[in-house]
Each structure stands twice: as C-alpha cells, then as structure tokens.
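What follows is a single structure, written as structure tokens, with notes after it.
The values are calculated or read from the model by the stated rules, or taken from the named source; none is laboratory data. All of these numbers come straight from a predicted model, not from anything done at the bench. Neighbour counts run over all protein chains shown; Cβ positions are idealised from the backbone, glycine included. To get the accessible areas, we keep the full protein, side chains included, count just its heavy atoms, and leave off ligands, DNA and RNA. Shrake-Rupley method; radii C 1.70, N 1.55, O 1.52, S 1.80 Å.
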Amino acid sequence: MSANKLNTEGIMLFEQPFARVPYENYRKVFRTSQKNIEKELGAVQTAASDIAKRAKPESSDAEDAIKAVDGMITRVENLKRKLADLQSSSGAPTLGVMRERFQHLMSVETMQTTNDPEFPRWADTRLDRWLVDWSLRNGKEKTAKMIADDRGVERLVDIDLFSDIRRIEDALKQRSCAEALVWCSENKSALRKVKNTLEFDLRLQEYIELARAGKNIEAIAYSKRHLLPWQETHLPQIRQASALLCFPSTTTCSPYKRLYDLSRWHSLIQSFRLAFYNLSTLPSEPLLHLAMYAGLASLKLPACYDPQTKNVDCPVCDPSLGKLAEEVPFSHHVNSTIVCRLTGRIMDEDNKPMAFPNSGQVYSREALEDMATRNDGIVKDPQTGETCEFSALRRLFIS
Ligand SMILES: [Zn+2]
C-alpha cells in the first residue's frame, strides 16, 4: 500500500543533530591534534634553523647542537605520545559513536514500508533516544542513564554533552561564571561566527558582582581588561556599567536596579543553554516535542477545543497533549482524520460516516449499527436526542 511507504526524507529531517553531535566532537579532537602538531613541530623547526645558523666546526658548538637535536627528538616523541593518547581516549571512541549512528540511520533506508518487520524496532529505538533527550534536557539525568542503559542505546544519546551543560549551569547557579567563561574561550571562534555575545554577558556579571561587593577599584581594573575590548559593539552597556559604581546595590534607580537584579543569573543560565544548543546544532526544544508537534498537527481539528465535541481517543483532545498542540496549526487533511465521537475509531471506506437526517450529527456506521441492533433498529443521537430508523440515516462519502 502506498500509504505505508516509508517517508525517509521526513524521518531524516529530525536526525541532523543526531549525526552532527559526534561529528562536532571529532572535529574538536582533530583541532586539538592539529594545534599540538603546529606547536611542537614549529618549535622543532625553529631549533633546526638555529643550529644551521650557528653551525661552526668548533667542538663546543657541536655539543650544543647535539643537545639541541636531543631536545628536538624528545619533543617529537612527546608529541607522538600525546597524539596517541588523544586518539585512544577521544578520537577512536567518537569515531565508534559516529559509525554506530550512521548505521542506525542507514538501516532505515533499507526499509521500503512501515510494514517492514524491522521498522517498529527501529522506531522504538528512536523513541528511546527521544525519551533520553527529553530527560536530559529536563535535568533528569538518572532517568536518562537508566533508559539508555536498559535499552542499550548509550552510543546513540548525548549523555556526556548534557553532563557538561549541567556542570556549567550548576556553577552559574552558585553564582560563578568561571566554568562558563572557560567554555566560551574553548569555543571562541564558533561563538564569534554566530555573533553570540554570551561572553560579554558573563564578564558584565562578574563586573556587577565586584560593584555589589563595593570593590570599585577592582571593578575598574576588571572593566578595562574584560569589558573595554567589547566597546565596538557594546559601548552603551559599558558606559552604563561604569555609572553603576555610583550606585549601591540597594538603589531604586531603575537601569541600575536592573543590573543588580539577581534574576540576571537566571537569564545567564538560559543564554548559556541556548548558546550550547546552537553550537551543538541541537534544537532548542526536545526532539520528542518536535516529533509530537508534527503528529498533533495532523490530528488537530477545531472540534478538539470544543468541550461538546471532545473525543476521548483523540490525543489533541487530551488536556495535556492539547496544551502542546496549541502551538501547531490545524490539520489540512480534515477528511483523513474524521474520528467517530462514539467509538473513537477513524471513519473511512470500511467504517463510513453516517448523519442523522435532521440534526446532521455524524457518527461511524459501526457505532450506529451497534446501537440499532440493541434497540430494534432505532438509533438515537446522543447530542440532540433525535431518534430515527437506522435505514433513515444519510450515508456520507469521503472525498
Ligand atoms: Zn481531538
């Protein structure tokens, strides 16, 4: 059946971060290796040209040269050891994760339809991954680890990534910017590329804390060192920060009161989390929600928000899922999702919709037939109380 054909492209739309996260991790390993190579080989080259410049046939120079060559050898040997360590501790495991994830994605391409016996298994694994993602984003790390371990999907989920997030956010909750600033410096060029200014916000917060503590001299020195480099883009904020030193933390003067407001720490946590998601190419909302939006949008009907026409078996009619569905548009395929209000089953060719002659209320043939057999061929509309013979019902056709 064509309706069951697997929409591989649609499936892959959700999978970009899944493939991207280990790729980015591997790129980091690669860059660290490259930096090490450049640094060490650069030093070796300098040492070599030094020897060449000073080369004279005197014995003391020869001894120096031998010492220098020994130093060069030690450097290269250390470099070799460092790279091997990096490869075995980070490189190889990350490659393993990448391989496993690509295999997981590739396996869905070999399936033709959703009837493929492998598909439900694949979809179950995907749901497990999304549940782990949801738990991690909501600070339920133990639950996440339990699901990952129980279902054997450790390499398909990003638990380590989220422990990094938690560590840095915990520090921010304790009002320390240090960890987040280290993260910023590790990702300096990537942050600059997306024009993210989290680092300035963190620096400003450290400055505000100095002002709060009345350490004005330290605050001025801090500003010179860490805020002024941002003057091209943040001059108004820097000026305001300078004026802050004239106000105590108890001030009621509004711009300065806002700067001293402790809720800024909360905003910093949020900005950090968004920056982290952005750099890791993770969506800002749980994948589970995104997938559910797609599903809910295909079911959502105006009837879902009318207490008169709520259907117990419709996910959108459910109060909690209906809340999620508020964000999504109404279904365009109204006809493909007509659900009987009595049985909760979809009305289609095999279970046609039928209407009462006067009220026009529509229910499924199955429900009305069932009602008629129990009532000597008479059916009653539960909404309006209208009664009639089963044979008097109008058949509707699904176009
Ligand atoms: Zn509904």
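Data table
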read-out: Residue in the stretch 20-42 that is within 24 Å of residue 110 (Cβ to Cβ), of a type in the set (Gly, Ala, Ser) and in a helix (DSSP H, G or I) present; value: no
read-out: Filtered residues of the stretch 186-208 (kept if modelled with pLDDT under 95 and open to solvent by 30 Å² or more (accessible area, probe 1.4 Å)); value: 186, 188, 189, 190, 192, 193, 194, 195, 196, 197
read-out: Residue match in the stretch 315-324 (condition: away from the ligand (no atom under 16 Å from the Cβ) and open to solvent by 70 Å² or more (accessible area, probe 1.4 Å)); value: no
read-out: Pairs with Cβ under 6 Å, 6+ apart, first in the stretch 169-182 and farther than 12 Å from residue 203 by Cβ, second open to solvent by 20 Å² or more (accessible area, probe 1.4 Å); value: 169/269; 171/179; 172/269
read-out: One residue from 265, 230 being among the aromatic types (Phe, Trp, Tyr) and over 30 Å from residue 132 (Cβ atoms); value: 230
read-out: Cross-chain or 6+ apart pairs with Cβ under 8 Å, the stretch 258-274 first and closer than 20 Å to residue 162 by Cβ, then among the charged types (D, E, K, R); value: 268/201; 269/169; 269/173; 271/201; 272/169; 273/169
read-out: Unmet requirement for residue 348, which otherwise passes all of (1) modelled with pLDDT of 85 or more; (2) open to solvent by 40 Å² or more (accessible area, probe 1.4 Å); (3) away from the ligand (no atom under 15 Å from the Cβ); value: (1)
read-out: So residue 284, is it more than 16 Å from the ligand (Cβ to nearest atom), closer than 28 Å to residue 159 by Cα, loosely packed, with under 14 Cβ neighbours inside 10 Å and among the polar types (S, T, N, Q); value: yes
read-out: Scan of the stretch 149-172 for residues that are over 20 Å from residue 25 (Cα atoms) and surrounded by 13 or more Cβ atoms within 10 Å (Cβ to Cβ), ordered by number; value: 151, 169, 171, 172
read-out: The one condition in (1) surrounded by fewer than 13 Cβ atoms within 10 Å (Cβ to Cβ); (2) touching a helix residue (DSSP H, G or I) at 6+ places or on another chain (Cβ under 7 Å) that residue 390 fails to fulfil; value: (1)
read-out: Subset of the stretch 78-104 (residues that are aliphatic (A, V, I, L, M), exposed (fewer than 14 other Cβ atoms within 10 Å of the Cβ) and within 30 Å of residue 126 (Cβ to Cβ)); value: 92
read-out: Among (1) of a type in the set (A, V, I, L, M); (2) open to solvent by 60 Å² or more (accessible area, probe 1.4 Å); (3) away from the ligand (no atom under 14 Å from the Cβ) - the single one residue 312 does not satisfy; value: (3)
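Results for (1) assigned to a loop (DSSP other than H, G, I, E, B); (2) more than 12 Å from the ligand (Cβ to nearest atom), shown as yes or no for each residue.
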{"position": "330", "(1), (2)": "yes, no"}
{"position": "342", "(1), (2)": "yes, yes"}
{"position": "357", "(1), (2)": "yes, yes"}
{"position": "360", "(1), (2)": "yes, yes"}
{"position": "372", "(1), (2)": "no, yes"}
{"position": "379", "(1), (2)": "no, yes"}
